[in-house]
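Written below as structure tokens is the structure these notes are about.
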Amino acid sequence: MNSNLGQADRLLRLIAGIALIALSLTGVIGVWGWIGIIFVATALINFCPIYRLLGISTKK
């Protein structure tokens, strides 16, 4: 499992994931906000399986 996320991509995923989780916890967007867990997890492990399937890498 090689890393395929660049620094900017990881930061955006982390911010978006935390925002979605926070919005879900406050009841603003409902249960769909929990999808932010996926964004946070991929940012922390530095790997996106969908990028791998598509042959994309944002890592320099």
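The values are calculated or read from the model by the stated rules, or taken from the named source; none is laboratory data. Owing to the predicted nature of the structure, the values given are computational and were not obtained by experimental measurement. A quick note on method: Cβ atoms are made from the backbone with ideal geometry, for glycine too, and the neighbour counts reach across all protein chains shown. Ligands, DNA and RNA are stripped out before the accessible areas are found, and what is left, the full protein with its side chains, is counted by its heavy atoms. Shrake-Rupley method; radii C 1.70, N 1.55, O 1.52, S 1.80 Å.
The table below lists the values:
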| quantity | calculated |
| --- | --- |
| All positions within segment 46-60 that are free of Cβ contacts under 8 Å to residues at least 40 places away in the same chain and either in contact with a Leu (Cβ under 8 Å, 6 or more places away or on another chain) or β-branched (Val, Ile, Thr) (or both) | 50 |
| Residues of segment 1-24 that turn out to be touching a residue at least 24 places away in the same chain (Cβ under 8 Å), assigned to a helix (DSSP H, G or I) and of a type in the set (A, V, I, L, M), as a count | 3 |
| Single residue of segment 35-57 satisfying the filter (surrounded by 15 or more Cβ atoms within 10 Å (Cβ to Cβ) and over 11 Å from the mean Cα position of the chain (by Cα)) that is farthest from residue 9 (Cα to Cα) | 51 |
| Subset of segment 3-44 (residues that are closer than 17 Å to residue 56 by Cα and either of a type outside the set (S, T, N, Q) or in contact with a Gly (Cβ under 6 Å, 6 or more places away or on another chain) (or both)) | 5, 6, 8, 9, 10, 12, 13, 39, 43 |
| Residue within segment 9-22 that is loosely packed, with under 12 Cβ neighbours inside 10 Å, of a type outside the set (Val, Ile, Thr) and at pLDDT 95 or above present | no |
| Criterion violated by residue 27 - all others in (1) open to solvent by 50 Å² or more (accessible area, probe 1.4 Å); (2) without any contact (Cβ under 8 Å) to a residue 40 or more places away in the chain; (3) outside any loop (DSSP other than H, G, I, E, B) satisfied | (3) |
